[in-house]
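This report concerns only the one structure given below.
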Amino acid sequence: MTDKKNGNAFTNNPLVRAIGLQKIVVLLVLVVMLVFFTSVSSTFRQYSTVLSIFDATYYLAFLAMGVTFCLITGGVDLSIGTGMFCYALAGGYMITHKDMPVIVGILVTLACGLIMGTINGLIVSRGGHAPFLATLCTMMIVRGLGAIITGGASITWPSSSSPNGWTRLLFKIPIGDTRYPLGIVWVLLVAVLLSLFLNKTRPGRYIIAIGSNKEATRLSGINVANYQMLAYIISGLCTGLGALAYCSAYQSMAPSGGGGIELNAIGGAIIGGTSMSGGSGTVAGTIIGVCFMSVLQIGLPMIGLQANYQQIIIGIVLIVAVYIDVLKNKKLA
Amino acid sequence: MGDVILTMKGIDKSFPGVHALDHVDLEVRKGEVHALMGENGAGKSTLMKVLTGIYHKDSGTITYEGKEVEFSNPREAQDAGIVIVHQELNMMGHLTVAQNIFIGREYMKGKLIDDKRMNEEARKLFDQLGIDIDPTETMSRLTVGKQQMCEIAKAISHEAKVIIFDEPSAALTEAEIEELFKIIRDLRAKQMGIVYISHRMDEIKVITDRVTVMRDGGYVGTLITKDCTKDDIINMMVGRVIYEDPKTESAVSPDAPVVLKVEHLNAGRMVKDVSFELRKGEILGFSGLMGAGRTETARALFGADPKQSGDIYVNGKKVDIKSPQDAVKCGIGYLSEDRKRFGIVVDKTVAENSTMASLEYYMKGLFINKKKENEAAQKYVDLLKTKTPGVDQLVVNLSGGNQQKVVIAKWLIRNCDILIFDEPTRGIDVGAKSEIYQLMSELAAEGKSIIMISSEMTEILRMSDRIVVMCEGRKTGELSIEEATQERIMHAATLRE
């Protein structure tokens, strides 16, 4: 009775097993959605829409990739949404109000992410707080901090036409008359690096093991607290990257904003097959899940479904995604 | 023995790819204790799940009290009077004993729950069983043994006519087992039909009237217990003879070097001033009743739990073990009694589990060298004869014995010289058990030193070169294998202060 595989020819296909059924399903639905939106809405077919989908994807992708690591350890990071705003505000403030070079602004943004990630990691791994609670608290803290740093003012990173606006060009480069979504390169680069890190290195392996069975991992002589902390540091750093992507894509950032974005990122990771209960998840899946979210976000208004409907549809999609996760866990039990 | 109360005939059940039950028969009479035996995976649990409506049979008939029945869920079976007392207790720790017993069918006073009445009814049940448990006590404060008594009380409160005990003694102390047997005998006297599933041969001889043996999903036969020997039953189960003879003399010379010395170890409430030595190539048995502090001693030694005081010397050198990490660095490996929780990562592969403690050996720069990792895992799969389709198989798909071998491989790959086996054969079937024994003997012969914690007397007497006995957190005896007898060990194990 060792063989519990009771799938059909399709689910047992080696290629399908390697990529993962959930990712294939999500990818197929994504394609169907794209075809649907393209055929129904003429605005969706425009190149500018494509660009705005990419804009909405970059920051969410960074956030979601980071939080994927926390989710895999069996935790979560709720501070990434307001954190992203806070770090971008802090970095932007250096440029616009302190006349620092743009590179300083970038470094401050990333450093803020790194520091907050470390703090989250310390509270969870050394303080023993439940990740949900710990990061709920830091979510509030960074929301307040962002507003205090800028003195309550909105911040706009330099526009693409100004000489300091090169951060925007990093994500959308103009060649001739057209602008190309260069950000894809950065997102994919980070995705490949993180994926290698997760699957091929010791810390990555241990992060997965912790999420599967923390106590067994500890009793194997592994410093569980360190690797758990590492997941939050990665999440913080990725949030810093997300902050750069966000402020490069959008105009002004209001202080104490960003709330709710963390849920979109977590949602993307879950749609991509990351388990809420820890132990499994992939960076590639998260990217697919995030594309799913951003296409919905941009596409739904174009067929006349406004924000409230989006929320409902995304909610339903998440229920389905989590249900798939529950089914997978059942098979293991 | 009275009339037949339950007959299962020609029960057949297939899952995709597995013929789980192949025309199995079982007959239970009123007032008998009927043992259901077989190796893990023989189909005992599946058969009981078919009986109680968790699974639905493909063919065959179930006759209960003269009528053919087919329950569609456990609730229906329960209402008809067929109840299972599970090996893993299904109790809500935060509720009281009475609240647990009557969960789902609370006594009501109008719209409100009548706790007073439930406590009274629970007390009546306990009086009937002759056991002393306070119905208002919080469940989690009871010992495992007492919790099991509550399960039994719950079963009886359903006006059960057939009670199935699924490995009830696995977590009980000898004294608790005695109490359990007393209750089972009472139930038998009240003309209940009892199905008793256990791996422990001694218990089968003591408590049961008949034995039905299953093997590989098939029915092997039914025997009258008092007319057959242990070997008869084992032969039916495995189709081969296994001898469980005790060791007669130590395999370790008295001047073998001491590899581990523990002095005045204190940790929590369960480890009080424990000192002992472990020699090279020795199997040191740790005997005692459940709750004697043996696992706690091992965990403190391994750095899994904090210790208050005490010195540990490895190969004569004093070491400071604060975490499992430190212990592993000292060459100590720990195989937990609770494999699923502490030993393995079930949803990961054999290879990943095998190299868990020694991944640094299998790196190529920053990256894990998957090929080398797989080779190492494969080497130990071959060496330990682990039955798995491949090293990329998920551990969850292996049987208990093979999972245990994966944990052993983990520590051997790490090249640990001191191995702590905590209940190494718990929940493992007879065949795999003797393989684990042989493996331990071989490891000791190769110069590995082993601490073996075991609650099974036969295991202690069969494997140990020397025996430490604990009781209530203290070391109460140390016996060489030559002088050790069951009586002497039991005497030390009950030496309360």
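Nothing in this text is a laboratory measurement; each read-out follows from the coordinates by a stated rule. Keep in mind that what you see is a predicted model, and the values were worked out from it rather than measured. Note that we place each Cβ from the backbone using ideal geometry, even for glycine, and neighbour counts take in every protein chain shown.
List of remarks:
- The stretch A:291-313: number of residues that are closer than 13 Å to A:THR43 by Cα and out of contact with any helix residue (DSSP H, G or I) (no Cβ under 8 Å at 6 or more places or on another chain): 1
- Selection from the stretch A:59-100 of residues that are free of Cβ contacts under 8 Å to residues at least 40 places away in the same chain and either closer than 19 Å to A:MET140 by Cα or part of a helix (DSSP H, G or I) (or both): A:MET94
- Taken together, the criteria exclude B:VAL28 from residues that are in contact with a strand residue (DSSP E or B) (Cβ under 6 Å, 6 or more places away or on another chain), away from chain A (no Cβ under 14 Å) and over 22 Å from B:GLY217 (Cα atoms).
- A:SER256 in a loop (DSSP other than H, G, I, E, B), facing chain B (nearest Cβ under 8 Å) and farther than 20 Å from A:VAL124 by Cβ: no
- Here A:ASN223 fits the description: within 12 Å of another protein chain (Cβ to nearest Cβ) and surrounded by fewer than 23 Cβ atoms within 10 Å (Cβ to Cβ).
- Enumeration of residues in the stretch B:352-361 that are loosely packed, with under 15 Cβ neighbours inside 10 Å and either facing chain A (nearest Cβ under 8 Å) or free of Cβ contacts under 8 Å to residues at least 24 places away in the same chain (or both): B:GLU360
- Which listed residue is more than 13 Å from every other protein chain (Cβ to nearest Cβ), within 17 Å of A:TYR58 (Cα to Cα) and loosely packed, with under 15 Cβ neighbours inside 10 Å, from A:LEU189, A:LEU170: A:LEU189
- Candidate set: the stretch B:362-406, residues that are free of Cβ contacts under 8 Å to residues at least 24 places away in the same chain and in contact with a strand residue (DSSP E or B) (Cβ under 7 Å, 6 or more places away or on another chain); chosen: the one surrounded by the most Cβ atoms within 10 Å (Cβ to Cβ): B:TYR362
- Applying the set (1) surrounded by 20 or more Cβ atoms within 10 Å (Cβ to Cβ); (2) farther than 22 Å from B:ILE332 by Cα; (3) β-branched (Val, Ile, Thr) to B:THR458 leaves exactly one unmet item: (1).
- In the stretch B:325-349, of all residues being assigned to a helix (DSSP H, G or I) and touching a Ser or Thr at 6+ places or on another chain (Cβ under 7 Å), the one that is nearest to B:SER449 (Cα to Cα) corresponds to B:GLY343.
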